[in-house]
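K.L.:
Please find one structure pasted underneath; my questions will follow.
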Amino acid sequence: MKKNILTIVIMALAIVNLVLTAVIMFSVVPNVNKTNNLIDQVAEIINLDLEAQNGNQKIITADDLENYDLTQEQVINLKKDADSTKERYAVINNISISLYKGVDEYAKVKTTIEASTSYIYDVIRQAFSAYTKEDAKNNEEVIKANIIQKLNEKFGDKVVQDIAFGNLVYQ
């Protein structure tokens with residue numbers, strides 16, 4: 001009789017083990033597969049970013065750029081200092097915009113840019129007028145980056161690569 005009870009207990013434990021294994025198979029394994037797929041996708045994205053940083057992107061050289069010069073002098077009212085009532089100005093001469101010749105339909109884009117010089121002057125004015133004299137001096141690179149971003153939004157991504165101010169004076 002003791003052997004039969006022991007056999008029944010072992011059989012019951014085997015059936016419970018089988019049921020728990022089935023539950024694990026149907027509930028845990030699909031989630032693990034989804035997690036593995038997510039990890040694989042993230043790893044692919046990271047590899048793509050690493051490849052882009054390692055040189056799979058085209059390097060833009062000076063031969064790929066064309067300068068477009070704006071020769072009109074621009075006088076821009078700057079934001080007033082908190083402790084000063086004196087008007088401050090930025091005077092810009094000889095603005096040069098570096099355009100990337102490798103974009104699609106470059107001739108059409110360049111014609112559009114040549115016809116939009118007043119827009120370019122307005123973008124430059126807006127970028128500088130948001131700063132006080134001291135802030136503008138300290139943040140010239142940020143101002144240039146904002147101008148480039150606005151011009152690329154208007155004329156197409158990566159068209160404008162750089163902007164240079166030949167003569168920038170703060171008064």
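The values are calculated or read from the model by the stated rules, or taken from the named source; none is laboratory data. The structure presented is a predicted model; accordingly, all values stated were derived computationally and were not measured. No Cβ is skipped: glycine too gets one built from the backbone with ideal geometry, and neighbour counts run over all protein chains shown.
K.L.:
Which one of these does Ser84 not meet: (1) exposed (fewer than 14 other Cβ atoms within 10 Å of the Cβ); (2) touching a strand residue (DSSP E or B) at 6+ places or on another chain (Cβ under 9 Å)?
P.N.:
(2)
K.L.:
Against the conditions (1) loosely packed, with under 15 Cβ neighbours inside 10 Å; (2) free of Cβ contacts under 8 Å to residues at least 60 places away in the same chain, where does Ala127 fall short? Just the number, please.
P.N.:
Failing condition for Ala127: (1).
K.L.:
When Thr132 is evaluated against the numbered criteria (1) in contact with an Asp or Glu (Cβ under 6 Å, 6 or more places away or on another chain); (2) among the polar types (S, T, N, Q); (3) within 21 Å of Gly156 (Cα to Cα), which criterion, by number, is the only one it fails?
P.N.:
Of (1) in contact with an Asp or Glu (Cβ under 6 Å, 6 or more places away or on another chain); (2) among the polar types (S, T, N, Q); (3) within 21 Å of Gly156 (Cα to Cα), only one is false for Thr132: (3).
K.L.:
Over 28 Å from the mean Cα position of the chain (by Cα), at pLDDT below 85 and not charged (D, E, K, R): which single residue out of Ala62, Ala14, Ala82, Ala22 fits that description?
P.N.:
Just one listed residue meets the conditions, Ala82.
K.L.:
Contact list please: Cβ distance under 9 Å, first residue in region 70-83 and assigned to a loop (DSSP other than H, G, I, E, B), second residue exposed (fewer than 11 other Cβ atoms within 10 Å of the Cβ), pairs at least six apart or on different chains.
P.N.:
Glu73/Asn167; Leu78/Glu87; Lys80/Lys86; Lys80/Glu87
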